[in-house]
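> One structure follows; several queries about it will come next.
Read the figures in this text as sums done on the coordinates, not as results from a lab. In this text, all values refer to a predicted model and were calculated from it rather than measured experimentally. As a convention, Cβ positions derive from the backbone with ideal geometry for all residues, glycine included, and neighbour counts pool all protein chains shown.
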Amino acid sequence: MGRRGKMTREESRAVQVLGAVHVARLVGLYMVLPVLSPHAGSLAGATSLLIGLSLGIYGATQALFQIPFGALSDRIGRRPAIAVGLGLFAIGSFLSAVTTDARLLVAARALQGSGAVSSVVIAMVADVTREEVRTQAMARLGIWIGGAFAFALLIGPPLASLIGVPAIFAITGGGALVSLGLLLFVLEEAPAAPGRDRLRAAAMKTVLRQRPLLLIDVGVFLLHTVLTVLFVVLPFELERIVGPDNTWKVLVPVLTIGVGVLFWSGRTADRRGWTERFFFIGAALLCVCCLVFALIGRRSGAVVGGIVLFVVAIALLEPTLTSLVSRFARGPHRGTAFGVYSMAQFSGAFFGGVLGGAFLKTERYVLFLGLFVATFLWALALTRIGRLRPRSSEDRSIPRGDRPDPDRPPEPPEGGHEGTETVREPDP
């Protein structure tokens, strides 16, 4: 057993392997996002709606299968459930690589998304770590995911220009097989934690009643809605401006800026206590980005400027949103809170794909104006809840008589389990 507050070597190794399992499939998935829209448009039977669905349908099936896979992992074990999900993801990836029809691409992408193992990976992280180091473990997993996101978006456009989008799908399937090998031959199964940190439908009501968590979920939904809309429509705009063979020359420098901001903000936010500052700056930039695309989005300079604004916004919001979930999600509902967050994220991707496809060949100022209004109202709601940190002794949900005396030393938690704070419901 390691020292309290410090991960043991076994815990650290298990989290690293789980991060690698998760990331090996995510790299290929994110690589294809900036270049998928033009590829889908070149396939037989392509329509604007099918182009949008080719990006968004993955998010729909991911959101739909999060709870079933979590329940399956409770029944048959974490490793077998993750193995099934990786198998579905790999098959969908290889089918996406060989299909020449837009409708079949949508079906293959739906099969990709049905391997929804994010909640199971989170549950397994909980299984292999102690309660007092679990936040550290979740943070490490978030770093792995953030790094994969940044690297994949950066390398995807130039790689697609060299080897083509079908080859990237094949690489994605290969990444899933690498994940499967790590899972089966490197990582050992751990006994499931009794009722902790799992995604459960019955606990969703409790999670959704917490207004800060609800606003965080709305925020990640809007962020990925805008992200997917932009991935649907902007590749065609860039092809119009710089030509189909030169879009990566615009995307790579812009995404490099985003990667730099992502890692800088991730390192600086907690160290200097700037999480809230970065969060509100990112929310403001997201609003401005939508307004730019709504008002002057057809001009060449506005397209590039809007992309820069959005890339910086997502670089600030993506790590801080995840950090805020871990900050507010405490006690036995942490797994459910992360699961709802993932479902909101993937639902936003699906909704954005549908919206982007619907407005692909029409004037898009109405679309971006609507997104601006939604993001502005969300940011306004955030400013009305005060500081983005859980309340303790000031929490209004705790009766005044039960609030702890600041001059009295804290008592150990009931049952001897540390770090199992929960938000108390108001007395009737």
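> Along the Cα-to-Cβ line of Arg299, 7 Å from the Cα, sits a label point; which residues in the stretch 226-259 have backbone N less than 18 Å from it?
Taking a point 7 Å out along Cα→Cβ of Arg299, the residues of the stretch 226-259 whose backbone N falls under 18 Å are 237-238, 241-242.
> How much length is gained on full extension from Thr362 to Glu188, taking 0.36 nm per residue of separation minus their Cα-Cα distance?
So the chain would gain 57.4 nm between Thr362 and Glu188.
> What shape does the stretch 9-383 take by its C-alpha gyration tensor, where a ≥ b ≥ c are the square roots of the eigenvalues and a/c under 1.5 counts as rounded, a/b above b/c as prolate, and the rest as oblate?
Oblate is the answer for the stretch 9-383, as a/c is 1.5 or above yet b/c matches or exceeds a/b.
> Need one word for the stretch 141-181: rounded, prolate or oblate. Basis is the Cα gyration tensor (sqrt eigenvalues a ≥ b ≥ c); a/c below 1.5 gives rounded, then a/b vs b/c decides.
oblate
> Between Arg271 and Val98, what is the FRET efficiency for a Förster distance of 35 Å, r being their Cβ-Cβ separation, to the nearest 0.05?
It comes out at approximately 0.15.
> Further question: Give me the net charge of Ala46's neighbourhood, meaning all other residues with Cβ under 14 Å from the Cβ of Ala46; Lys, Arg count +1, Asp, Glu -1.
Counting the neighbours of Ala46, the net charge comes to +2.
> Which order, highest average first, do 357-369, 113-125 follow once you tally other Cβ atoms within 10 Å for each residue and take the mean per peptide?
113-125, 357-369
> Another one. Shape of the stretch 110-173 from its Cα gyration tensor (a ≥ b ≥ c, root eigenvalues): rounded if a/c is under 1.5, otherwise prolate when a/b > b/c, or oblate?
It is oblate, given that a/c is not under 1.5 and a/b is not larger than b/c.
> Using a 10 Å cut-off on Cβ atoms, rank the peptides 46-54, 271-279 from the highest mean neighbour count down.
46-54, 271-279
> Assigning unit charges at the beta carbon (Lys, Arg +1; Asp, Glu -1) and nothing else, what dipole magnitude in debye, to the nearest 20, does the stretch 9-383 show about its Cα centre?
Magnitude of the dipole: close to 560 debye.
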